[in-house]
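Notes follow the structure.
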Amino acid sequence: LERINLILELLEVATFYSIFAPLSAALRKAILKVDDGQIDNGDTPEVAALRSLQALAVLARENLLSNKWINPAETESLSSLNLFKMLDRTVESRDILDRFNQILNRYGYLSEVGTDIAVPTWREDPHPVQELFAQFCLNPPPKPSSVRSKAGLVQRRFSLKGRVTEVYSRLLAELRWSFVALEADWLKSAILTEPGDIFFLELAEVRQAVNLDQTILDQIPQIIAQRRSSLQKDGQLESVSTIVYGDDPPIPVLENWQSSQQLQGIGASIGQVEGRIKVLRSLSNVGEIDRETILVVPYTDSGWAPLLARAGGLIAEVGGRLSHGAIVAREYRIPAVMDVQNATNILRDGQLVRIDGQRGTVEILGQE
(Lines give C-alpha, C1' and ligand atoms only; values in the text may rest on other atoms or scores of the structure.)
Protein backbone atom coordinates (compact mmCIF):
# COMPACT_ATOMS: atom_id res chain seq x y z
CA LEU A 1 0.00 0.00 0.00
CA GLU A 2 2.91 2.35 0.68
CA ARG A 3 4.12 1.80 -2.87
CA ILE A 4 0.64 2.57 -4.23
CA ASN A 5 0.51 5.79 -2.22
CA LEU A 6 3.95 6.83 -3.51
CA ILE A 7 2.96 6.18 -7.13
CA LEU A 8 -0.25 8.18 -6.66
CA GLU A 9 1.77 11.13 -5.35
CA LEU A 10 4.07 10.97 -8.38
CA LEU A 11 1.07 10.67 -10.71
CA GLU A 12 -0.38 13.88 -9.31
CA VAL A 13 2.69 15.74 -10.56
CA ALA A 14 2.95 13.73 -13.80
CA THR A 15 -0.69 14.44 -14.63
CA PHE A 16 0.03 18.17 -14.55
CA TYR A 17 2.82 17.72 -17.09
CA SER A 18 0.77 15.30 -19.22
CA ILE A 19 -1.85 18.04 -19.66
CA PHE A 20 0.40 21.01 -20.25
CA ALA A 21 3.15 19.38 -22.35
CA PRO A 22 0.78 18.72 -25.31
CA LEU A 23 -0.74 22.19 -24.93
CA SER A 24 2.71 23.75 -24.95
CA ALA A 25 3.69 21.80 -28.08
CA ALA A 26 0.44 22.63 -29.88
CA LEU A 27 0.69 26.33 -29.01
CA ARG A 28 4.22 26.66 -30.39
CA LYS A 29 3.30 24.64 -33.46
CA ALA A 30 0.39 26.98 -34.19
CA ILE A 31 2.29 30.20 -33.52
CA LEU A 32 5.31 29.20 -35.61
CA LYS A 33 3.09 27.60 -38.29
CA VAL A 34 4.93 24.28 -38.36
CA ASP A 35 3.39 21.53 -40.53
CA ASP A 36 2.74 18.04 -39.18
CA GLY A 37 5.25 16.66 -41.68
CA GLN A 38 8.04 18.61 -40.02
CA ILE A 39 7.47 16.98 -36.64
CA ASP A 40 9.13 13.71 -35.63
CA ASN A 41 6.99 11.86 -33.07
CA GLY A 42 9.66 9.24 -32.43
CA ASP A 43 9.68 10.00 -28.71
CA THR A 44 6.01 9.05 -28.40
CA PRO A 45 6.03 5.55 -26.84
CA GLU A 46 3.67 3.83 -29.29
CA VAL A 47 5.51 5.29 -32.30
CA ALA A 48 8.87 4.25 -30.89
CA ALA A 49 7.51 0.75 -30.23
CA LEU A 50 6.17 0.42 -33.78
CA ARG A 51 9.44 1.59 -35.30
CA SER A 52 11.40 -0.93 -33.24
CA LEU A 53 9.03 -3.75 -34.18
CA GLN A 54 9.09 -2.91 -37.87
CA ALA A 55 12.89 -2.71 -37.96
CA LEU A 56 13.16 -6.11 -36.27
CA ALA A 57 10.49 -7.54 -38.58
CA VAL A 58 12.68 -6.69 -41.57
CA LEU A 59 15.47 -8.85 -40.12
CA ALA A 60 13.03 -11.62 -39.24
CA ARG A 61 11.60 -11.67 -42.76
CA GLU A 62 15.09 -11.88 -44.27
CA ASN A 63 15.86 -14.79 -41.94
CA LEU A 64 12.63 -16.61 -42.80
CA LEU A 65 13.17 -16.15 -46.54
CA SER A 66 16.85 -17.14 -46.49
CA ASN A 67 15.97 -20.36 -44.67
CA LYS A 68 13.06 -20.92 -47.07
CA TRP A 69 10.67 -21.27 -44.14
CA ILE A 70 8.04 -19.09 -45.78
CA ASN A 71 6.79 -18.54 -49.31
CA PRO A 72 6.06 -14.84 -49.93
CA ALA A 73 3.06 -15.85 -52.03
CA GLU A 74 1.54 -17.99 -49.27
CA THR A 75 1.65 -15.97 -46.07
CA GLU A 76 -2.05 -15.25 -45.54
CA SER A 77 -2.74 -18.49 -43.65
CA LEU A 78 0.36 -18.38 -41.45
CA SER A 79 -0.49 -17.54 -37.84
CA SER A 80 1.65 -15.56 -35.43
CA LEU A 81 2.01 -18.73 -33.32
CA ASN A 82 3.53 -20.65 -36.23
CA LEU A 83 5.77 -17.72 -37.07
CA PHE A 84 7.22 -17.62 -33.57
CA LYS A 85 7.74 -21.40 -33.67
CA MET A 86 9.74 -20.97 -36.89
CA LEU A 87 11.89 -18.31 -35.28
CA ASP A 88 12.76 -20.72 -32.47
CA ARG A 89 14.62 -23.13 -34.79
CA THR A 90 18.16 -21.72 -35.01
CA VAL A 91 20.54 -19.65 -32.91
CA GLU A 92 20.28 -16.75 -35.34
CA SER A 93 16.49 -16.76 -35.42
CA ARG A 94 16.27 -17.18 -31.65
CA ASP A 95 18.30 -14.01 -31.35
CA ILE A 96 15.44 -12.27 -33.15
CA LEU A 97 13.03 -13.66 -30.57
CA ASP A 98 15.27 -12.37 -27.78
CA ARG A 99 15.24 -8.92 -29.35
CA PHE A 100 11.45 -9.10 -29.68
CA ASN A 101 11.19 -9.87 -25.96
CA GLN A 102 13.48 -6.93 -25.23
CA ILE A 103 11.13 -4.65 -27.16
CA LEU A 104 8.16 -6.14 -25.32
CA ASN A 105 9.89 -5.55 -22.01
CA ARG A 106 10.83 -2.00 -23.02
CA TYR A 107 7.29 -1.01 -24.01
CA GLY A 108 5.33 -3.52 -21.94
CA TYR A 109 3.83 -0.73 -19.87
CA LEU A 110 1.52 0.24 -22.75
CA SER A 111 -2.04 -1.08 -22.90
CA GLU A 112 -5.31 -0.80 -24.80
CA VAL A 113 -6.46 2.02 -22.50
CA GLY A 114 -3.47 3.61 -20.84
CA THR A 115 -5.51 5.56 -18.29
CA ASP A 116 -7.57 2.53 -17.19
CA ILE A 117 -5.43 0.44 -14.86
CA ALA A 118 -8.02 -2.35 -14.91
CA VAL A 119 -6.86 -3.17 -18.46
CA PRO A 120 -3.88 -5.58 -18.78
CA THR A 121 -0.65 -4.18 -20.19
CA TRP A 122 1.25 -5.49 -23.21
CA ARG A 123 3.66 -7.24 -20.84
CA GLU A 124 0.75 -9.17 -19.33
CA ASP A 125 -1.02 -9.79 -22.64
CA PRO A 126 1.50 -9.64 -25.52
CA HIS A 127 -0.86 -11.14 -28.11
CA PRO A 128 -1.64 -7.83 -29.93
CA VAL A 129 2.08 -7.08 -30.23
CA GLN A 130 2.84 -10.59 -31.47
CA GLU A 131 0.11 -10.30 -34.09
CA LEU A 132 1.47 -6.96 -35.28
CA PHE A 133 5.03 -8.30 -35.49
CA ALA A 134 3.79 -11.25 -37.54
CA GLN A 135 1.90 -8.87 -39.81
CA PHE A 136 5.04 -6.78 -40.29
CA CYS A 137 7.04 -9.93 -41.12
CA LEU A 138 4.62 -11.55 -43.52
CA ASN A 139 3.00 -8.50 -45.12
CA PRO A 140 5.37 -5.57 -44.64
CA PRO A 141 3.60 -2.19 -44.51
CA PRO A 142 5.05 0.92 -46.16
CA LYS A 143 8.05 2.26 -44.32
CA PRO A 144 7.16 4.95 -41.79
CA SER A 145 7.56 8.46 -43.10
CA SER A 146 11.10 9.73 -42.72
CA VAL A 147 11.24 13.06 -40.93
CA ARG A 148 14.22 15.36 -40.71
CA SER A 149 12.81 17.90 -38.37
CA LYS A 150 13.54 21.54 -39.05
CA ALA A 151 11.09 22.64 -36.39
CA GLY A 152 13.67 23.53 -33.73
CA LEU A 153 11.88 24.76 -30.64
CA VAL A 154 8.62 23.08 -31.66
CA GLN A 155 10.35 19.72 -32.14
CA ARG A 156 11.90 19.98 -28.69
CA ARG A 157 8.46 20.52 -27.21
CA PHE A 158 7.06 17.49 -29.04
CA SER A 159 10.01 15.41 -27.85
CA LEU A 160 9.29 16.59 -24.31
CA LYS A 161 5.63 15.64 -24.80
CA GLY A 162 6.69 12.12 -25.80
CA ARG A 163 8.93 11.72 -22.76
CA VAL A 164 6.19 12.99 -20.46
CA THR A 165 3.79 10.46 -21.99
CA GLU A 166 6.28 7.68 -21.30
CA VAL A 167 6.74 8.66 -17.65
CA TYR A 168 2.99 9.03 -17.14
CA SER A 169 2.23 5.68 -18.81
CA ARG A 170 4.96 3.91 -16.84
CA LEU A 171 3.58 5.21 -13.56
CA LEU A 172 0.09 4.02 -14.46
CA ALA A 173 1.46 0.58 -15.34
CA GLU A 174 3.38 0.40 -12.06
CA LEU A 175 0.18 1.38 -10.24
CA ARG A 176 -1.69 -1.44 -11.96
CA TRP A 177 1.02 -3.99 -11.20
CA SER A 178 1.00 -2.93 -7.53
CA PHE A 179 -2.75 -3.48 -7.28
CA VAL A 180 -2.43 -6.82 -9.10
CA ALA A 181 0.22 -7.94 -6.59
CA LEU A 182 -2.06 -6.96 -3.71
CA GLU A 183 -4.95 -8.73 -5.41
CA ALA A 184 -2.90 -11.94 -5.70
CA ASP A 185 -2.49 -12.00 -1.91
CA TRP A 186 -6.20 -11.39 -1.42
CA LEU A 187 -7.11 -14.18 -3.84
CA LYS A 188 -4.99 -16.58 -1.79
CA SER A 189 -6.67 -15.48 1.43
CA ALA A 190 -10.16 -15.61 -0.18
CA ILE A 191 -10.86 -11.91 0.36
CA LEU A 192 -11.41 -11.82 -3.41
CA THR A 193 -12.62 -14.63 -5.65
CA GLU A 194 -11.69 -13.63 -9.22
CA PRO A 195 -8.77 -11.84 -10.91
CA GLY A 196 -9.76 -8.25 -11.63
CA ASP A 197 -12.07 -7.98 -8.61
CA ILE A 198 -9.83 -5.43 -6.91
CA PHE A 199 -10.57 -2.88 -9.61
CA PHE A 200 -14.22 -2.80 -8.56
CA LEU A 201 -13.16 -1.33 -5.21
CA GLU A 202 -12.52 2.32 -4.45
CA LEU A 203 -9.13 3.32 -3.08
CA ALA A 204 -10.58 4.09 0.36
CA GLU A 205 -12.12 0.61 0.47
CA VAL A 206 -8.79 -0.97 -0.50
CA ARG A 207 -7.09 0.90 2.33
CA GLN A 208 -9.74 -0.26 4.79
CA ALA A 209 -9.30 -3.85 3.65
CA VAL A 210 -5.52 -3.62 3.99
CA ASN A 211 -6.08 -2.52 7.59
CA LEU A 212 -8.32 -5.59 8.06
CA ASP A 213 -11.46 -3.56 8.70
CA GLN A 214 -13.96 -6.37 9.22
CA THR A 215 -16.91 -4.23 8.16
CA ILE A 216 -15.52 -3.64 4.67
CA LEU A 217 -14.22 -7.21 4.42
CA ASP A 218 -17.75 -8.50 4.98
CA GLN A 219 -19.16 -6.09 2.38
CA ILE A 220 -16.63 -6.70 -0.41
CA PRO A 221 -18.48 -9.57 -2.17
CA GLN A 222 -21.71 -7.56 -2.35
CA ILE A 223 -19.92 -4.37 -3.44
CA ILE A 224 -18.13 -6.17 -6.27
CA ALA A 225 -21.30 -7.94 -7.43
CA GLN A 226 -23.26 -4.67 -7.55
CA ARG A 227 -20.55 -2.78 -9.41
CA ARG A 228 -19.95 -5.59 -11.87
CA SER A 229 -23.67 -5.61 -12.64
CA SER A 230 -23.65 -1.83 -13.16
CA LEU A 231 -20.64 -2.10 -15.46
CA GLN A 232 -22.34 -4.74 -17.59
CA LYS A 233 -25.49 -2.61 -17.78
CA ASP A 234 -23.57 0.53 -18.72
CA GLY A 235 -21.63 -1.47 -21.28
CA GLN A 236 -24.83 -1.96 -23.25
CA LEU A 237 -25.06 1.78 -23.94
CA GLU A 238 -23.88 2.57 -27.45
CA SER A 239 -23.29 6.25 -26.65
CA VAL A 240 -23.28 8.56 -23.65
CA SER A 241 -23.91 12.24 -23.09
CA THR A 242 -21.12 14.62 -24.03
CA ILE A 243 -21.24 16.18 -20.55
CA VAL A 244 -22.19 14.34 -17.36
CA TYR A 245 -22.75 16.27 -14.14
CA GLY A 246 -24.40 15.08 -10.95
CA ASP A 247 -26.95 12.31 -11.42
CA ASP A 248 -26.66 9.40 -13.83
CA PRO A 249 -27.01 10.74 -17.38
CA PRO A 250 -30.13 9.95 -19.39
CA ILE A 251 -29.79 7.46 -22.21
CA PRO A 252 -29.09 9.63 -25.27
CA VAL A 253 -31.26 9.45 -28.35
CA LEU A 254 -29.22 9.10 -31.52
CA GLU A 255 -30.27 11.46 -34.25
CA ASN A 256 -31.21 9.98 -37.61
CA TRP A 257 -27.86 10.54 -39.28
CA GLN A 258 -28.37 7.66 -41.67
CA SER A 259 -30.00 9.99 -44.20
CA SER A 260 -26.73 11.87 -44.63
CA GLN A 261 -24.14 10.57 -47.07
CA GLN A 262 -21.27 12.66 -45.66
CA LEU A 263 -19.92 13.11 -42.15
CA GLN A 264 -17.61 15.89 -41.03
CA GLY A 265 -14.75 15.69 -38.58
CA ILE A 266 -11.21 16.96 -38.13
CA GLY A 267 -8.67 16.05 -40.77
CA ALA A 268 -5.75 14.59 -38.83
CA SER A 269 -3.65 12.72 -41.41
CA ILE A 270 -3.74 13.78 -45.04
CA GLY A 271 -4.66 11.50 -47.92
CA GLN A 272 -7.73 9.92 -49.46
CA VAL A 273 -8.71 6.27 -49.35
CA GLU A 274 -11.73 4.09 -50.10
CA GLY A 275 -12.40 0.99 -48.07
CA ARG A 276 -14.82 -1.11 -46.08
CA ILE A 277 -15.88 -0.08 -42.60
CA LYS A 278 -14.97 -2.14 -39.53
CA VAL A 279 -16.43 -0.80 -36.29
CA LEU A 280 -14.40 -1.58 -33.17
CA ARG A 281 -15.53 -0.44 -29.73
CA SER A 282 -12.73 -2.33 -27.98
CA LEU A 283 -9.73 -4.52 -28.80
CA SER A 284 -11.61 -7.76 -28.14
CA ASN A 285 -12.66 -9.86 -31.14
CA VAL A 286 -10.73 -7.73 -33.61
CA GLY A 287 -10.78 -10.10 -36.57
CA GLU A 288 -9.07 -9.48 -39.90
CA ILE A 289 -7.68 -6.02 -40.66
CA ASP A 290 -5.81 -5.03 -43.80
CA ARG A 291 -5.17 -2.04 -46.05
CA GLU A 292 -8.74 -2.29 -47.38
CA THR A 293 -10.11 -1.76 -43.86
CA ILE A 294 -11.31 1.60 -42.55
CA LEU A 295 -11.34 1.35 -38.78
CA VAL A 296 -14.08 3.20 -36.89
CA VAL A 297 -13.33 3.56 -33.18
CA PRO A 298 -14.72 5.54 -30.23
CA TYR A 299 -11.26 6.82 -29.27
CA THR A 300 -7.62 5.96 -29.72
CA ASP A 301 -5.06 5.23 -27.04
CA SER A 302 -1.50 3.96 -27.17
CA GLY A 303 -2.67 0.34 -27.13
CA TRP A 304 -4.53 0.79 -30.42
CA ALA A 305 -1.30 1.48 -32.31
CA PRO A 306 -0.78 -2.16 -33.45
CA LEU A 307 -4.18 -2.13 -35.17
CA LEU A 308 -3.82 1.30 -36.72
CA ALA A 309 -0.54 0.33 -38.34
CA ARG A 310 -2.34 -2.46 -40.23
CA ALA A 311 -5.40 -0.52 -41.40
CA GLY A 312 -6.02 1.57 -44.51
CA GLY A 313 -7.75 4.45 -42.77
CA LEU A 314 -9.08 5.66 -39.43
CA ILE A 315 -12.27 7.33 -38.24
CA ALA A 316 -12.55 8.21 -34.54
CA GLU A 317 -15.40 9.72 -32.55
CA VAL A 318 -13.11 11.86 -30.41
CA GLY A 319 -9.60 13.25 -30.70
CA GLY A 320 -7.69 15.80 -32.68
CA ARG A 321 -4.44 16.22 -34.55
CA LEU A 322 -2.34 15.44 -31.47
CA SER A 323 -4.27 12.32 -30.41
CA HIS A 324 -2.57 8.90 -30.38
CA GLY A 325 -4.44 7.72 -33.46
CA ALA A 326 -3.59 10.81 -35.50
CA ILE A 327 0.10 10.52 -34.66
CA VAL A 328 0.29 6.83 -35.61
CA ALA A 329 -1.75 7.47 -38.77
CA ARG A 330 0.71 10.14 -39.91
CA GLU A 331 3.60 7.83 -39.06
CA TYR A 332 2.25 5.20 -41.49
CA ARG A 333 0.70 7.65 -43.96
CA ILE A 334 -2.83 6.44 -43.25
CA PRO A 335 -5.65 8.95 -43.85
CA ALA A 336 -7.43 9.76 -40.59
CA VAL A 337 -10.49 11.78 -39.63
CA MET A 338 -11.06 12.49 -35.94
CA ASP A 339 -13.96 13.95 -33.94
CA VAL A 340 -16.72 12.35 -36.04
CA GLN A 341 -19.55 12.31 -33.51
CA ASN A 342 -21.48 9.04 -33.12
CA ALA A 343 -19.41 7.40 -35.87
CA THR A 344 -19.56 3.95 -34.25
CA ASN A 345 -23.36 4.09 -34.35
CA ILE A 346 -23.83 5.78 -37.72
CA LEU A 347 -21.44 3.59 -39.70
CA ARG A 348 -21.87 -0.16 -40.16
CA ASP A 349 -19.49 -3.02 -40.85
CA GLY A 350 -19.00 -3.55 -44.56
CA GLN A 351 -20.08 -0.10 -45.71
CA LEU A 352 -17.97 1.35 -48.51
CA VAL A 353 -16.68 4.82 -47.63
CA ARG A 354 -14.20 7.37 -48.86
CA ILE A 355 -12.32 9.38 -46.26
CA ASP A 356 -10.37 12.56 -46.86
CA GLY A 357 -7.79 13.12 -44.15
CA GLN A 358 -7.13 16.69 -45.22
CA ARG A 359 -10.71 17.99 -45.46
CA GLY A 360 -11.90 15.85 -42.56
CA THR A 361 -14.77 14.24 -44.48
CA VAL A 362 -16.25 10.74 -44.53
CA GLU A 363 -18.37 9.98 -47.60
CA ILE A 364 -20.66 6.95 -47.51
CA LEU A 365 -20.53 5.30 -50.95
CA GLY A 366 -22.60 2.17 -50.42
CA GLN A 367 -23.73 -0.62 -48.15
CA GLU A 368 -22.16 -4.06 -47.68
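The values are calculated or read from the model by the stated rules, or taken from the named source; none is laboratory data. Quick caveat, the model's predicted, so the values are computed rather than measured. Backbone-built Cβ (ideal geometry, glycine too); neighbour counts: all protein chains shown.
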Practice task
State whether the residues of the stretch 55-76 include one that is of a type outside the set (Val, Ile, Thr), touching a Ser or Thr at 6+ places or on another chain (Cβ under 8 Å), under 18 Å from Gly320 (Cβ atoms) and part of a helix (DSSP H, G or I).
Solution key: no
Practice task
Find all pairs meeting these conditions: Cβ atoms under 6 angstrom apart; at least six residues apart or on different chains; first residue within the stretch 322-335 and not assigned by TED's automatic domain parsing to the domain that holds Asp40; second residue part of a helix (DSSP H, G or I) and of a type outside the set (A, V, I, L, M).
Solution key: Leu322/Pro22; His324/Ser302; Arg330/Asp36
Practice task
Determine whether Gly114 is out of contact with any Gly (no Cβ under 8 Å at 6 or more places or on another chain), in a loop (DSSP other than H, G, I, E, B) and not assigned by TED's automatic domain parsing to the domain that holds Val328.
Solution key: no
Completion exercise
Pairing a residue in the stretch 127-142 that is under 21 Å from Arg330 (Cα atoms) with any residue that is outside any helix (DSSP H, G or I) and of a type outside the set (Lys, Arg), where Cβ atoms lie under 6 Å and the two sit 6 or more apart in sequence or on different chains, gives Val129/Trp122
Practice task
Those residues that are in a loop (DSSP other than H, G, I, E, B) and surrounded by 19 or more Cβ atoms within 10 Å (Cβ to Cβ), I need them from the stretch 120-132; list them, please.
Solution key: Trp122
Fill in the blank from the handout: Within the stretch 191-223, the count of residues that are hydroxyl-bearing (Ser, Thr, Tyr) and more than 30 Å from the chain's Cα centre (by Cα) comes to 1
